[in-house]
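Trainee: Take a look at the following structure, please.
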Amino acid sequence: MKKTLLYMKKHADFIILDLLALIIGYVVVVQFRYLARPVHHGELFFDYGVVLTAVYFLILLFSKNLSGVIKRSFFKECQTLLVQVFVSWAFFTVVLYGIKTAQNFSRSVYAAAFIICYICLLFERSALKCFIRFSRFHSALCPKLIIVCDSNHSQEVIKRVLKGSFENDYEIVGVAMNNEGATDYIDHFDSLIGLDKLEEFIANKKIDEAFIEVADAGVETHVINLLLKHNIIAHRSLEESTMNYVEQEIDEISGHYVITIRDTQVSFVTRAERLETKLFRKLTKKD
């Protein structure tokens, strides 16, 4: 049950828009079939639509169809979505026969709705994925990330972060190091010498999230508390961390296995949560 709730939270945007696209496709078919005249059997327009939506939603949850949806190619998405719609229609048929109302359901609506709903769903998913991918490369929409690491391992950490897909998901605006003696510039990133400047930096740059990989547990705790104080989502690397939690949820964020800490809670970071964080900042912003 907990995994299902986390799955729903992680893919809330796709789930909501999937259901909306399904409803729009079904309404268009019914309206076109009856030329906008009142439908003789009222349940065709509403009751069956509700049943179809409920069946699709349940299949979407149990099949975990949205896992890895962002990384799928267009043709892979076509195939995966076709299976999803086919299975949903199959279970919808079983439900209709189960409640003994299949004979009242228009066969032309049944067939046309399958095609139109599939097209609507494919268009919706493709459009949403394009928007998400575009936002990752657009600095105005891309979350701002700061890397916090040890100075003697900074190049290694930065190289590993860039090797993954962090550069596609975030705008990396700086590197904070907990030791003196490093250079002011690392590759093409601004660098902080000493964590005493971290709070000022994140306030000026309006940082959204942070990736932390330090060996000292005391430093790690200090940095995480500082980030949470400013409502910044902290991704704690599992490479060097010495911190322990009673309950841990491990997720793969942009190719890196991390434990994500937000408001002292371990949780999955989702696109919805990023929007929630930004909204919370605006509401609590001091004049």
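Nothing in this text is a laboratory measurement; each read-out follows from the coordinates by a stated rule. Values in this document were obtained by computation on a predicted structure and should not be read as measured data. Backbone-built Cβ (ideal geometry, glycine too); neighbour counts: all protein chains shown.
Trainee: Looking only at region 59-76, count every residue that is in a helix (DSSP H, G or I), surrounded by fewer than 17 Cβ atoms within 10 Å (Cβ to Cβ), of a type outside the set (Phe, Trp, Tyr) and in contact (Cβ under 8 Å) with a residue 24 or more places away in the chain and tell me the total.
Mentor: Looking only at that region, the number is 2.
Trainee: Pairs needed: first member in region 1-30, outside any helix (DSSP H, G or I); second member anywhere, among the hydrophobic types (A, V, I, L, M, F, W, C) and surrounded by 15 or more Cβ atoms within 10 Å (Cβ to Cβ); C-beta distance under 8 Å; at least 6 residues apart or different chains.
Mentor: His11/Leu66; His11/Val69
Trainee: Answer yes if at least one residue in region 83-105 is in contact (Cβ under 8 Å) with a residue 12 or more places away in the chain, part of a loop (DSSP other than H, G, I, E, B) and among the polar types (S, T, N, Q), and no otherwise.
Mentor: Yes - at least one qualifying residue is present in region 83-105.
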